[in-house]
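Peer 1: Submitted below is the structure of interest, expressed as structure tokens.
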Amino acid sequence: MARPHGLAGELRIRLFNLQSQVLLSARRVRLSGELRSVRGARRERDAILLRLAGCDDRVSADALRGAIVEVMREDLPETEEGEFYFHDLTGLRAIGPDGVEIGQVVEVVETAAHATVVIGSGDRRLEVPFAEAFVGSVDLQGRTIRLQGLEELPGWEEFWAKSRPC
């Protein structure tokens, strides 16, 4: 939650996925671990303005500043064949162009330009744009993401040199 909006307890929610419409139809959300009923939601530019039951003034809204807002998995719309939610990628084994595991997806970061998959191996991180040039395939059943074109990325050589199996 970014900040309160107005005096009536509305919350200005900054989105991880700027195109997401999920909060507009959510009936409930988890906010800092607590399940809350949604009384209403509307889009405003790059954010969602959310009204929650029991949050009726600016003071109660301000108390929620910085909280993570989560939609329950069972409340998310079903995905089509070949579609997935970015949070489904976390934990997938990252397979490099030569078929060798190079690490694991530790997070997906949404930016104005594109989503970025962060691959971790030990204490090393590699940011890979979620684009056809770099992501060959995603297999949720097999829990893998196949990557390609990594030699074009800044930091790839150093990441691979320290991550490569002996």
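Peer 1: Is there a quick way to get the dipole size of region 86-163? I mean about its Cα centre, with the Cβ of Lys and Arg at +1 and of Asp and Glu at -1; what is the value in debye to the nearest 20?
Peer 2: The calculation lands at about 220 debye.
Peer 1: Please state, to two decimals, what the Cα-based radius of gyration of region 47-101 comes to when divided by 2.2 N^0.38 Å (N = residues).
Peer 2: In units of the 2.2 N^0.38 Å rule of thumb, it is 1.81.
Peer 1: Hey, another quick one. Would you mind putting 36-48, 96-108 in packing order, based on average other-beta-carbon counts within 10 Å, highest first?
Peer 2: 96-108, 36-48
Peer 1: Within region 59-147, which trypsin sites (Lys or Arg not before Pro) sit in a loop by DSSP and count at most 14 neighbouring Cβ atoms inside 10 Å?
Peer 2: When the trypsin sites (Lys or Arg not before Pro) of region 59-147 are filtered for loop state and at most 14 Cβ neighbours within 10 Å, Arg65, Arg143 remain.
Peer 1: Output ³J(HN,Hα) for region 8-22: one whole-Hz value per residue in order, computed from phi by the Karplus curve 6.51 cos²θ - 1.76 cosθ + 1.60 with θ = phi - 60°, and x for Gly and Pro.
Peer 2: With the stated coefficients, region 8-22 comes to 9, x, 5, 10, 8, 9, 8, 8, 6, 10, 5, 8, 4, 10, 4 Hz.
Peer 1: Next question, about the same structure. Name the residue from Gly33, Gln148, Pro97 whose Cα lies farthest towards the positive end of the charge dipole of the chain, charges +1 on Cβ of Lys and Arg and -1 on Cβ of Asp and Glu.
Peer 2: Value computed over the given set: Gly33.
Peer 1: Mean separation of Cα pairs under 8 Å and 6+ residues apart, divided by the residue count of the chain: what relative contact order is that in percent?
Peer 2: 17 percent
Peer 1: Only counting other Cβ atoms within 10 Å, I'd like His87, His5 sorted with the fewest neighbours first.
Peer 2: In order of increasing Cβ crowding within 10 Å: His87, His5.
Peer 1: Give me the net charge of Arg27's neighbourhood, meaning all other residues with Cβ under 14 Å from the Cβ of Arg27; Lys, Arg count +1, Asp, Glu -1.
Peer 2: So the environment of Arg27 carries a net charge of +3.
Where a number appears in this text, it was derived from the coordinates with a stated rule and is not lab data. Because the structure is a prediction, the values reported are computed rather than measured. Note that each Cβ is placed from the backbone with ideal geometry, even for glycine, and that neighbours are counted across all protein chains shown.
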